[in-house]
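**Student:** Got a structure for you, questions after.
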Amino acid sequence: MSKPTLPAAPTPTILPVFVFLAIGALIPLVLESGFYIRLAMLVWTYAVLCMGFNLLYGFAGQISLGQPAFYSLGAYAYAMLQIKLGWSPAVALGGSLAFVAVVSLLIGLPLLRLRTHYLAMATLAFMLVENGVANRWIDFTGGQSGVEVPALKWAGEEIGRTGIYYTVLGLAAVVLLLHDFLIRSHLGRGMQAIRDDETAAQALGVRVDLYKLRVLVLSSVMAAIAGICFGITSLRVDPSLSEFHVLVSLLTIVVMGGLGTRFGPIIGSVIVVALPQVLTGFGRFETAIYGACILVFLIFLPHGLSGLVERKFQWRADRATADAKRRKQVLKEEVS
Amino acid sequence: MSVPPILKVDGLYKRFGGLIAINNVSFEIAPGEVKGLIGPNGAGKSTTFDMITGVRPPTSGDIWFKAGRITNQPAHTRSPLGMARTFQIVRLFRGLSVLDNVLMGLQPKFPDGLFASLARLGSLRKQESESRDKAIQLLEFVGLADRAGHPIEALTLGQARLVDIARALASEPQLLMLDEPAAGLNDAETRNLGNMLAILKDRGMTMLLVEHDLDFIMKACDTIVVMDHGVKIADGSPAEVCRNRDVIAAYIGRRAADAEH
Amino acid sequence: MLIKLSYLLLAGLTNGSVYGLIGLSLSIIYGSSRVINFAQGEFAMLGAMCAFFFMVSASLPWPLAMLAMIVVVVLAALALDYGIYRPLVRRRAAPLTIMIGTLAGAIILYGLAFVVWGPEQKFVPPVLSLEPLRIGFLITNSQQLSLIGLFIFFLMLTWYILYRTRFGLSVRATGVNPRTALLMGIRSERIVQFSFMFSAFISGVAGMMIGPLLGGNVGMGLLLTVKGFMAAIFGGLGSPFAAAAGGLAIGMMEALMAGYGTSLYAEPSIFVFILMVLIVRPYGLLGDYEAERR
């Protein structure tokens, strides 16, 4: 009798991540039109913004409606550090991320004591404050018209659209890898535990408050990276980055893509960026259809499009089953 | 020369507003001892349990664990020290599989935080697979290995209790604290639980049991603390406690206690 | 000095009444269903835009127009209940998911209103007169005064329904524990439906009356929703009256800050202030009620 082969534990592979990145890397080679490359950059920008929110709300269960504020702050800081302080783009990138990290820490320390609706409302208030200041502090932020973001340069020359695209893709790749690592590792498990039952997580030695704060800071930094992507793509930052429609896009993406899934943010971003291109035919109905889409997904596809393929957390369960089978096999062999 | 106790509760006192919920309660648990904590409803068992597990701080008094004073340390510090607990109302993580729930008991052994984890990326995979093996073994111990991949909703109450115990055991505690583990279980499940606790006791596990079910606790425990109205009224072996006048009075009534003597 | 202060207080009272009414509406829905309704301001927007539509486009007299407006907002509330709240509750969606659902509802209502009325500012005719009215040294108009009157009226009506009727008792019971209430024969879906309709009615009337003062456009709902939120969390979401008081306080602060400080930063400063209040009192200034229950 042949020895039965041990079932391989279906460790969730990192392969899909590389597939997404490979597709991303091929886009400029396939699509020549500048318009489509701009759309692709917008997809990555939104995907980065939404991955942060996905970790925070989809996994750790802490809602923040203030993500557009961090998105906007990241972009403003990146521009200002270059314009006002003359920092180089790379240093300004680090500086603006550090700045947003500190701001989110200061916001998170008091606000994370709040729960559910109160947390949602308070973070929304933070977004309105940020937007109010961006609009009104005209001497510094340029008010409605915003500020110009210096173009990226390489060896003294402005880099072209393809160069900008690969810069955005590079930033997105870092966030995507981090996002995926967190979800698949014990840290993702810990975040889900906090979402499901804080008291039990605490009893098991998880420092719940610290975890929440860290996830908030991380997701804010991811939002800031998205803001910087937006800045280097559009070369302008204005208060519209923290306006309500950004929040609506963000929620639409995570709901349609699938909240708390591995690839929901990317899939959702592709759809939300592509949808208006398709919907232009609907003209005045566009906004209403946007709302209807969110609603239909919430009711009929609560795990989003990504959930259709991924089955939310199914890989965790499959892996556990396979672990158990393998162990049984090992025991059987030891006995015989 | 006696062995130093693993847990020492010293003059615990808790006041809620004007109500004194716990008044000067002291007891000790020796290594390897299984201690029961019983009392009628409202006796203060749960409050005492909450204070030992760090859910709420006492108004005064001290709690010592292995020569360290842990009175006001927050709940999350208990597990790394070697104290583990289960919950009366099952509090498993609904979004995680059975195995992942048990794995959460090993969480403090993993690197804490993103950067620490990335720094130890190499050894992380090995740690994960070793942890999974250990978690499966614990599920085998409680007889639920074939449920490893199931969602929590698919478990019966008795099974959920066992997963909770497996999760608590995962951290290799020196003191296991069980909050009414038999509540809501049927006879077969209660017997099964009793056997399991007996095995743990044979392996030298120190335990503190809060329980309603007197039969269950008389069989399972070496010594029993009885509380009534926030005060400790007896502390001794099951046989001693059964004969104690105050205990009979608290449970059955003063007259029965008098009739007995 | 005193005259200026009185004017400011009157203006604050007027705007505050509207914020308070929306906060009150939000709190009524929250009380019965634990849902924050993102579409609350849209009901007020519908109120204002329907006033324009029925009084100007259809040239109906105001009582008929108001009736027609109430029909529209109540239908919108029913759509929200049957189309969003019930399907999500039956699928055991989390409260925050339902909140996102109401946000979708708000976007749909805004989107449909946009299709009907377009983005332009519309002249919403006053129900009562905008003619100056002199009370002592104050000059006001009856439309402005009617808002304050409505605020008091709806506050009393809500109190009466909640605390003086059997139905109100069921509403309060459902808010405390929907499952137990169900066991006692209270149909919580009916209660939630009533709270949606009643709060839409309040917000719709408030929108109709504030329309002539603020000017009506289809985008006005969001700002009113946000002000209502702030009113509710400032006062305390758990009690309709605390939320209403929060609205008044926000209206007053806005007016005083605009009058004595700079109107430019009035709004952000108030939000910062509310954030600080939340930090000190996580359930709102008057929010012990709910904190105790947890």
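**Student:** Count, please, the residues in region B:43-65 that happen to be aromatic (Phe, Trp, Tyr) and either surrounded by 18 or more Cβ atoms within 10 Å (Cβ to Cβ) or touching a Gly at 6+ places or on another chain (Cβ under 8 Å) (or both).
**Tutor:** Result for region B:43-65: 2.
**Student:** Are there helices (runs of 4 or more DSSP H) fully within region B:170-261 with at least 2 residues that are over 20 Å from the mean Cα position of the chain (by Cα) and either under 30 Å from B:Val90 (Cβ atoms) or modelled with pLDDT of 85 or more (or both)? List them.
**Tutor:** Counting at least 2 such residues, we get B:187-202, B:238-243, B:245-251.
**Student:** If I ask for residues that are part of a helix (DSSP H, G or I), more than 9 Å from A:Val217 (Cβ to Cβ) and within 14 Å of chain C (Cβ to nearest Cβ), which ones from region A:96-115 would you list?
**Tutor:** Listed by number, the residues that qualify are A:Val103, A:Leu106, A:Ile107, A:Leu109, A:Pro110, A:Leu111.
**Student:** Just give me the residues in region C:269-281 being assigned to a helix (DSSP H, G or I) and either among the hydrophobic types (A, V, I, L, M, F, W, C) or at pLDDT below 85 (or both), in sequence order.
**Tutor:** C:Ile270, C:Phe271, C:Val272, C:Phe273, C:Ile274, C:Leu275, C:Met276, C:Val277, C:Leu278, C:Ile279, C:Val280
**Student:** Continuing with this model, one more query. Residue check: is C:Ala113 within 14 Å of another protein chain (Cβ to nearest Cβ), touching a helix residue (DSSP H, G or I) at 6+ places or on another chain (Cβ under 7 Å), part of a helix (DSSP H, G or I) and modelled with pLDDT under 95?
**Tutor:** yes
**Student:** Next up: Restricting the search to region A:276-309, which residues are within 14 Å of chain C (Cβ to nearest Cβ), surrounded by fewer than 16 Cβ atoms within 10 Å (Cβ to Cβ) and at pLDDT below 80?
**Tutor:** Listed by number, the residues that qualify are A:Pro276, A:Leu279, A:Phe282, A:Gly283, A:Arg284.
**Student:** I've got another one for you. Here are some residues: C:Ser27, C:Ser57. Which one is free of Cβ contacts under 8 Å to residues at least 40 places away in the same chain and either among the polar types (S, T, N, Q) or buried (at least 24 other Cβ atoms within 10 Å of the Cβ) (or both)?
**Tutor:** When all the criteria are applied, what remains is C:Ser57.
**Student:** Still on this structure, please answer the following. Which one is nearest to the other protein chains (Cβ to nearest Cβ) among residues in region B:66-92 that are surrounded by 22 or more Cβ atoms within 10 Å (Cβ to Cβ) and outside any helix (DSSP H, G or I)?
**Tutor:** My answer is B:Arg85.
**Student:** To continue, here is another question. List every residue pair whose Cβ atoms sit under 9 Å apart, with the two residues 6 or more apart in sequence or on different chains, where the first one lies in region C:75-91 and is facing another protein chain (nearest Cβ under 9 Å) and closer than 20 Å to C:Ser203 by Cα and the second, anywhere, is polar (S, T, N, Q) and surrounded by 15 or more Cβ atoms within 10 Å (Cβ to Cβ).
**Tutor:** What qualifies is C:Ile84/C:Thr102.
**Student:** Scan region C:216-233 residue by residue and report those that are more than 10 Å from chain A (Cβ to nearest Cβ), in contact with a strand residue (DSSP E or B) (Cβ under 9 Å, 6 or more places away or on another chain) and either surrounded by 24 or more Cβ atoms within 10 Å (Cβ to Cβ) or assigned to a helix (DSSP H, G or I) (or both).
**Tutor:** Listed by number, the list holds a single entry, C:Gly216.
**Student:** For region B:135-157, name all the residues that are surrounded by fewer than 18 Cβ atoms within 10 Å (Cβ to Cβ), more than 8 Å from chain A (Cβ to nearest Cβ) and either under 21 Å from the mean Cα position of the chain (by Cα) or among the acidic types (Asp, Glu) (or both).
**Tutor:** B:Phe141, B:Gly143, B:Glu153, B:Thr156, B:Leu157
**Student:** Consider B:Leu178 against the criteria (1) crowded, with 18+ Cβ neighbours inside 10 Å; (2) more than 30 Å from B:Ala135 (Cβ to Cβ): it satisfies all of them except one. Which criterion is unmet?
**Tutor:** The one condition B:Leu178 does not meet is (2).
**Student:** Also, quick follow-up: Taking region A:118-157 only, how many residues are aromatic (Phe, Trp, Tyr) and either away from chain C (no Cβ under 14 Å) or assigned to a loop (DSSP other than H, G, I, E, B) (or both)?
**Tutor:** Final tally of qualifying residues: 2.
The values are calculated or read from the model by the stated rules, or taken from the named source; none is laboratory data. All values derive from a computational prediction rather than experimental measurement. Ideal geometry is used to build each Cβ from the backbone, glycine not excepted, and the neighbour counts take in all protein chains shown.
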